[in-house]
Structures are given as C-alpha cells and as structure tokens.
Amino acid sequence: MKALRPFLLLPLALAACRHDPGVFLSADEYVAPVVNEAEYVIRPGDVLNVRVFQQDNMSARARVRNDGKISLPFLNDVTAAGFTPVVLGAQLQTRLKDFINNPVVTISLEEVRQLTIAVLGEVPRPGIYTFDPGVGVVQALAAAGGFTNFAYRDVFVMRMMPLGEKPLRIRFDYERLIRADGKAATFVLRPGDSVLVE
C-alpha cells in the first residue's frame, strides 16, 4: 500500500502546477460602452481637412500634434484632440467671426491614426504593433507569431479604464476565438489596450 502513495499524489501535484489565470472577466461577460460611430473623437496623429466656405486662405490640412493641437491660418494653434469634428467646427466658426461674417466651417477626417497595441507574454515576437482601427485579438496574436511552446493559451486583453478605476482584465477562450464564436468575434481593440498571453 505504501508503494502506491506517490502515484496517488501525482495527479494532485500536476493539478497544482496548472497556471492560475487570476481575476478576470470573460469576453462574453464584458459589456462595451455604447459608442456612436458618428461621434468620432479626434486624437493626436489624425489628419484633418479644415474647410472654411469660400475662404481658401483660411482652410488647411493639418495633422494633430502630440500636444493635441493643429496650426491654422489666422488662429495659430488650436486644440483639436478630444473634440468631435462637429464640435471643433462649431468652435472654429465662433473664433473666425473676428475675421469674416458668418463663417461656415466643415471638418473632415482624412486619415485616422493607427492603433499601437502591445502584445506580450508567451508569443514568439512580443512587442508593440500598429494596426488600422477595427482590429481584433486574433490579428494581434498573428502579428506576434501566435504562441510559444510554453503558452497555456490563456489570452487576455488589459483595457485601461477612466482615472481612478482599475484596468480590466478580459479573458478570451482561444478555441472560441479562432471559431469567431460569441462576443470574441466582434471584440475590437482600442487605444491603450494590451494583449497578454500566458
């Protein structure tokens, strides 16, 4: 009977070695905030086309700088980041009234800044990758080369939250992820996200 004891303990020891993923929220439990796509918020790196009706000398094409501002004729530096194009257009119309009567300003988004996403952990090529907006977790994993031989295939997205709140740790079931099953199929990475493979 004594000779059997090590074999009885082996399954318990193997179970103890299994990786503990810690506290997380599954992708199917995560409820994304409702975002009106028409209400795009301008970010540094975006390229804007500012058109002042019948005033070509006041119009400009400008990239939003890292400080969130753009340079425009007559107005110099103007804060653009953090506003929607409609709100920014209204602000510019108000400011341009010092120079012309009844200015009409339209702002179009010519180029959207790419997302920079960190892909870390048990991937062959960990690092920071740039993607077009709308990228999902599978594309981020593919860019980093998939999984190493040591990966448990536990995939998490670390999502930054507003000031004062802890980051969210959202877990994806890999099998459901590659089958595009459940909410994982429509999950979109956003600025500030990191993908972590354990």
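Name the single residue that is nearest to the chain's Cα centre (by Cα) among those in region 170-192 being under 23 Å from Pro133 (Cβ atoms) and basic (Lys, Arg).
First pass over region 170-192, keeping only residues under 23 Å from Pro133 (Cβ atoms): 170, 172, 177-178, 180, 182-192.
Filter once more, so that each one left must be basic (Lys, Arg): 183, 190.
Numbers: Lys183: 17, Arg190: 2 Å.
Within region 170-192, the match that is nearest to the chain's Cα centre (by Cα) is Arg190.
With the structure loaded, tell me whether Gly145 is closer than 23 Å to Arg43 by Cα and in a loop (DSSP other than H, G, I, E, B) or whether it fails that test. Step through it out loud before you land on a result.
Values: closer than 23 Å to Arg43 by Cα: no; in a loop (DSSP other than H, G, I, E, B): yes.
It is false that Gly145 is closer than 23 Å to Arg43 by Cα and in a loop (DSSP other than H, G, I, E, B).
Just to be sure I understand, how many residues within region 159-183 are aliphatic (A, V, I, L, M) and modelled with pLDDT of 80 or more? Summing the residues that are aliphatic (A, V, I, L, M) and modelled with pLDDT of 80 or more in region 159-183 gives 5. Just one of the numbered conditions (1) surrounded by 14 or more Cβ atoms within 10 Å (Cβ to Cβ); (2) modelled with pLDDT under 80 is not true of Thr84: (2).
Considering region 109-134, and only residues there that are in contact with a helix residue (DSSP H, G or I) (Cβ under 9 Å, 6 or more places away or on another chain) and in a loop (DSSP other than H, G, I, E, B), the residue that is surrounded by the fewest Cβ atoms within 10 Å (Cβ to Cβ) turns out to be Arg125.
The values are calculated or read from the model by the stated rules, or taken from the named source; none is laboratory data. Just so you know, these numbers come straight off a predicted model, no measurement behind them. All Cβ positions, glycine included, derive from the backbone under ideal geometry; neighbour counts span all protein chains shown.
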